[in-house]
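Comments concern the structure below.
Read-outs throughout are calculated quantities, based only on the coordinates presented, and are distinct from any laboratory measurement. Just so you know, these numbers come straight off a predicted model, no measurement behind them. In this analysis, Cβ positions are derived from the backbone assuming ideal geometry, glycine residues included, and neighbour counts consider all displayed protein chains.
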C-alpha cells in the first residue's frame, strides 16, 4: 500500500479531543440503534420459535447483552479496518484512523485499538484525555496500537453542467 499523499509532510492535521468526542457520540447513537434493532429481531424470532424461552427473561437478557457487546465491537473494529478507515460518526466529522505511515489498519490492530479503550477508560478516562495534549493528538489506545486519528480535508465536488446551461 502507498501512504496517502501529503502524509507526514507537515500538512497532516490530527483530530483533536473534541472532534473525537463528537464522532464517538454519533457512533454511539448509530451503533446502539443498530444493536437494539438486531437484538429485537433476534429476541422476537427466538421467543416465537421457542415459547419456553420467552418466559426465561434471564437467558433472553444474556443473549441481548452478547448481541450488544459483539455488535458494538464489530461496528467499531470493522469500520475502522475497512477501506473507509472510519466509522460513520468519524466520517461525519471528517476524521479517520490510520497507522503511523498513514495507511489502513488491519482488523487485528483495529480490534486491539478497541480493546485498548478499556484501559483508557479504567484509568479514570485519562487515556482518552491524552488526545488533548499529546503532540499527535493520540489517546493511550492509539499509542498502544500505533494508530493516528487524522482530519480529512473536505472537498467540494463540482457538478458538470450541460453545455449552454446557466446557474
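Below 8 Å, C-alpha to C-alpha, sequence gap of six or more: please give me the relative contact order for the chain in percent. Relative contact order, the chain: 27 percent. The helix-based estimate of mean residue ellipticity at 222 nm for the chain, built from -39,500 (n - 2.57) per DSSP H run of four or more residues and divided by its residue count, is -17500 deg cm²/dmol to the nearest 500.
When the chain is treated as a GNM with alpha-carbon contacts under 10 Å, the residue of 33, 72, 145 showing the greatest mean-square fluctuation is 33. On the beta carbon distance between residue 136 and residue 73, with R0 = 30 Å, the FRET formula returns roughly 0.75. Take the Cα of residue 12, step 7 Å toward its Cβ, do the same at residue 94, and the gap between the two points is 1.9 nm. With a Förster radius of 22 Å applied to the C-beta separation of residue 45 and residue 107, the computed FRET efficiency comes to 0.20. Angle of helix 107-122 to the longest C-alpha principal axis of the chain, folded into 0 to 90 degrees and rounded to 10: 80°. Under the simplified labelling scheme, the residue 122-residue 59 pair shows an inter-label distance of 3.3 nm, with each label point 7 Å from Cα along Cα→Cβ. To the nearest ten degrees, helix 17-49 and the longest principal axis of the Cα atoms of the chain are 30 degrees apart.
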